[in-house]
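Student: Submitted below is the structure of interest, expressed as structure tokens.
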Amino acid sequence: MVTWEAWFTPALTGDRTFNVAVIDGGRTGAFWGFLFVWGGYTTVIASLSELVSMVPTAAGQYHWAFELSPPKYRKFISWFTGWQIVLAWQADFAAVLYLCGILIQAMAVLNYPNYAAERYQATLILWAVIVASVAFNTTLARLLPWVEGSILICHCLGFIVVLVPIVYFVSLPSKRHWGSRNPSTAKAFVVHELTNG
């Protein structure tokens, strides 16, 4: 779901994943990799929508695990799936907040050349993001629908804003990587997409 947003994170934080996508496969590799990952995620959405049409529920994955597993193991599989979801939510929450802290620090580094970034500062920014999130969700909960709608609009427009430059730059030939008929170029592209995409 966040394919285009994932392009900005490594570029701002200095992670080599973004650079590897452009260096290993060139702009062409980055473009086709982008579409490859988007197409793969579309299959995930299609399979989940098929599951929802078979067993419509608002309960979540543990209910699907209960309904679709063998009767002998239903309770255990449902219990295991429920706890797995709870732990995944907690890990995802921590990862998203830490990513927000790193992005804020990366923007500070980009805008203020004299700023010396330290790792502990990213953790302090993480805690500031936690406090701001809790304060917003408890005191300004009535604004959540408006904020979520605004984020959806930004997400859809951002996809176009990111895809257009990728399509524009991919039209330039990249002889270094795709002009040769070396099969190792295709192998490098596939390995990169499987490990980092």
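The values are calculated or read from the model by the stated rules, or taken from the named source; none is laboratory data. Because the structure is predicted, anything quoted here is derived from the model rather than measured. Virtual Cβ from ideal backbone geometry, glycine too; neighbours counted across all protein chains shown.
Student: Looking at the range 39-61, I want the residues that are within 21 Å of ILE85 (Cα to Cα) and have a partner that is polar (S, T, N, Q) and at pLDDT 85 or above with Cβ atoms under 6 Å, at least 6 apart or on another chain. Which pairs are those?
Tutor: Short answer, once both residue conditions are applied: GLN61/THR81.
Student: Looking only at the range 97-105, decide whether some residue is surrounded by 13 or more Cβ atoms within 10 Å (Cβ to Cβ), in a helix (DSSP H, G or I), more than 22 Å from the chain's Cα centre (by Cα) and not β-branched (Val, Ile, Thr).
Tutor: Looking through the range 97-105, none of the residues is surrounded by 13 or more Cβ atoms within 10 Å (Cβ to Cβ), in a helix (DSSP H, G or I), more than 22 Å from the chain's Cα centre (by Cα) and not β-branched (Val, Ile, Thr).
Student: Limited to the range 81-108, what total is found for residues that are at pLDDT below 90 and of a type in the set (Phe, Trp, Tyr)?
Tutor: Residues flagged as at pLDDT below 90 and of a type in the set (Phe, Trp, Tyr) within the range 81-108 amount to 2.
Student: Give just the number: which of (1) at pLDDT below 90; (2) in a helix (DSSP H, G or I) does PRO113 not satisfy?
Tutor: (2)
Student: Looking at the structure I just gave you, is THR17 at pLDDT below 60 and part of a helix (DSSP H, G or I)?
Tutor: So THR17 passes the test.
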